[in-house]
Amino acid sequence: MARLARLQSCTAVGPVLDCGGARGLVHLGILRALQEAGIEIDCVGGTSIGAVMATYAASDQPLAAVMANARKSFSVNPTGDFNLVPMLSLLKGARLRRILQSATGELLGADADIEDLWKNCFFIATHYCPVKS
C-alpha cells in the first residue's frame, strides 16, 4: 500500500541503471546503499547490463540473496559468444540468455517474465552516447 501511495502522490523513487558491461554489478552496491539509507525503490529501469540489474531490483527479493545469485551467475563470461558476421550485433546473446534464465529461475523459483516481477520496470536494449568533438 505504501508503494501505491507513493506512486499516486508522485513521490515514488525509480532509479534507472545505466550500461557498463562488466561493471554492471556495481549497481547492486548502489541498491544496497539506497536500502541502508532507508530509501524504498518503487519502480526501476535499466539499459544493457543495467536492465539485468534492474530485473534483480524489480524481483523484490532480499538483497543478500540477489547478490549471491548475481555473483554465482556472472562468475563466467556472459558475453563470450561472438557472431562471425555481425549484421546486427557483435554478440549472439545466447550465453547471456541462458545465464539470465537460470538466474531468474533460481532466484524466483520459476521461469519468470517481466509481468511476474513485483515492481514496475522497463528495459532498453542499447545505450547511445554521441561523441562530442
Long-range HN-HN contacts of I124 with modeled amide H, under 5 Å: G46, T47, S48
Rounded percent of accessible protein surface that carbon and sulfur make up, the range 1-49, 1.4 Å probe: 60
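With charges set only on the Cβ (+1 for Lys and Arg, -1 for Asp and Glu), what does the dipole of the range 2-73 come to about its Cα centre, in debye to the nearest 20? Provide the component values of the computation, followed by the final result.
Working: 6 positive and 5 negative charges, 40 e Å.
The calculated dipole for the range 2-73 is roughly 200 debye.
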Length added when fully stretched, R97-K119, from 0.36 nm per residue minus Cα-Cα: 5.8 nm
Using a Förster distance of 25 Å, the FRET efficiency for A110-L84 (Cβ separation, nearest 0.05): 0.10
Area of I39 that stays accessible when all protein chains are in place (1.4 Å probe, Å², to 10): 70
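The values are calculated or read from the model by the stated rules, or taken from the named source; none is laboratory data. Treat the numbers as computed from the prediction; the structure is a model and nothing was measured. Neighbour counts are summed over all protein chains in view; Cβ atoms, including those assigned to glycine, are modelled from backbone coordinates with ideal geometry. Remember, those area values only see protein heavy atoms, side chains included, never the ligands or the DNA or RNA. Shrake-Rupley method; radii C 1.70, N 1.55, O 1.52, S 1.80 Å.
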